[in-house]
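Student: Pasting in a structure now, in C-alpha cells, and then I'll have a few things to ask.
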Amino acid sequence: MNFTVAATALVERPGHGFLAVKAPDADRGWELPGGHLEEGEALLEGVAREVREESGVEIDLGPLFAVYSNLTHSRIIFAFLATYRSGELTTSEESVEVLWLPAEELKRRLQRQMILDRALDGLSFDRRVRHVTHTVEPYEITYRCFMDNPGKAI
C-alpha cells in the first residue's frame, strides 16, 4: 500500500487571528492551508510552500501538533503551528478567498468536521503531539492518542 504525505498549518498572526483559505470547491468551504508534498520535497519545505501558494503568506514554522492518518485515502497529514512572517493575502487557483480570522470565527467557518477537529487540536495544543486515525465519508475518528503514549486512547 502506498501512502501520500500531506501537511497543514494553523497559522497565527498576532493581533489579526488565524489564516483561513476558502477552497474553490464549494463542498470543501473554508480550510486551513495545506496539501500534498511534491515528489522529492522535504516536509518542512512542503508545508511552507503550500501555505505560500494558497495564501501569499510566508511563515515561521512552530511545533508539530498532530499527525493524522486518513485511512480512506491512505494519506498521512502532518499538522504544524506557525506564525506569520511576511506577505500579503493573495488568492490562487487553490483559494478563492483568504482571511485572518479570530479563533471563534475560524471555528464557525470551518464547515467540515475533519478540518475543524484539526484546528481545535492546534488551538488546544499543550506540547503533546496527537496521533489521530480516521476515515472519510463518513468522517469517523477510529483512534486518538498522544504520541508519547500511543497505547492509551484519548
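The values are calculated or read from the model by the stated rules, or taken from the named source; none is laboratory data. This one's a predicted model, so the numbers in the text were calculated from it and none came from an experiment. Neighbour counts run over all protein chains shown; Cβ positions are idealised from the backbone, glycine included. Each accessible area value is taken on the protein alone, full model and side chains, heavy atoms only, with ligands, DNA and RNA left out. Shrake-Rupley method; radii C 1.70, N 1.55, O 1.52, S 1.80 Å.
Student: Starting from residues that are in a strand (DSSP E or B) and among the small types (Gly, Ala, Ser), keep the ones in region 56-85 and report whichever is nearest to the chain's Cα centre (by Cα).
Tutor: Of all residues in region 56-85, those in a strand (DSSP E or B) come to 58-70, 75-85.
Restricting the remaining residues to those that are among the small types (Gly, Ala, Ser) gives 62, 66, 69, 79, 82.
Working: Gly62: 13, Ala66: 9, Ser69: 13, Ala79: 5, Ala82: 10 Å.
Result: Ala79.
Student: Restricting the search to region 99-154, which residues are among the β-branched types (Val, Ile, Thr) and closer than 13 Å to Leu32 by Cβ? Walk me through it before giving the result.
Tutor: Keep residues of region 99-154 that are among the β-branched types (Val, Ile, Thr), which gives 115, 129, 132-133, 135-136, 141-142, 154.
Once the filter is applied, which keeps residues that are among the β-branched types (Val, Ile, Thr) and closer than 13 Å to Leu32 by Cβ, region 99-154 yields only Ile115.
Student: Does Arg52 satisfy being at pLDDT 95 or above, under 15 Å from the mean Cα position of the chain (by Cα) and either among the basic types (Lys, Arg) or assigned to a loop (DSSP other than H, G, I, E, B) (or both)? Steps first, answer last, please.
Tutor: Details: at pLDDT 95 or above: yes; under 15 Å from the mean Cα position of the chain (by Cα): yes; either among the basic types (Lys, Arg) or assigned to a loop (DSSP other than H, G, I, E, B) (or both): yes.
Spelling it out, Arg52 is indeed at pLDDT 95 or above, under 15 Å from the mean Cα position of the chain (by Cα) and either among the basic types (Lys, Arg) or assigned to a loop (DSSP other than H, G, I, E, B) (or both).
Student: Still on this model: For the subset of region 1-17 comprising residues that are of a type in the set (A, V, I, L, M, F, W, C) and open to solvent by 20 Å² or more (accessible area, probe 1.4 Å), which member is nearest to Asp121 (Cα to Cα)? Show your work before the answer.
Tutor: Restricting attention to region 1-17, the residues satisfying the condition of being of a type in the set (A, V, I, L, M, F, W, C) are 1, 3, 5-7, 9-11.
Filter once more, keeping what is open to solvent by 20 Å² or more (accessible area, probe 1.4 Å): 1, 3, 5.
Numbers: Met1: 28, Phe3: 23, Val5: 19 Å.
Taking the candidates together, the pick is Val5.
Student: Scan region 67-75 and tell me whether some residue there is touching a Ser or Thr at 6+ places or on another chain (Cβ under 8 Å) and on the phi > 0 side of the Ramachandran plot.
Tutor: Yes - at least one qualifying residue is present in region 67-75.
Student: What do you reckon, is Arg85 open to solvent by 40 Å² or more (accessible area, probe 1.4 Å), free of Cβ contacts under 8 Å to residues at least 40 places away in the same chain and under 22 Å from Glu58 (Cα atoms)?
Tutor: Numbers: open to solvent by 40 Å² or more (accessible area, probe 1.4 Å): yes; free of Cβ contacts under 8 Å to residues at least 40 places away in the same chain: yes; under 22 Å from Glu58 (Cα atoms): yes.
In short, yes.
Student: For region 18-49, which positions are of a type in the set (A, V, I, L, M), outside any helix (DSSP H, G or I) and open to solvent by less than 20 Å² (accessible area, probe 1.4 Å)?
Tutor: Initial filter on region 18-49 (of a type in the set (A, V, I, L, M)): 19-21, 23, 26, 32, 37, 42-44, 47-48.
Filter again for outside any helix (DSSP H, G or I), leaving 19-21, 23, 26, 32, 37, 42.
Result: Leu19, Ala20, Val21, Ala23, Leu32.
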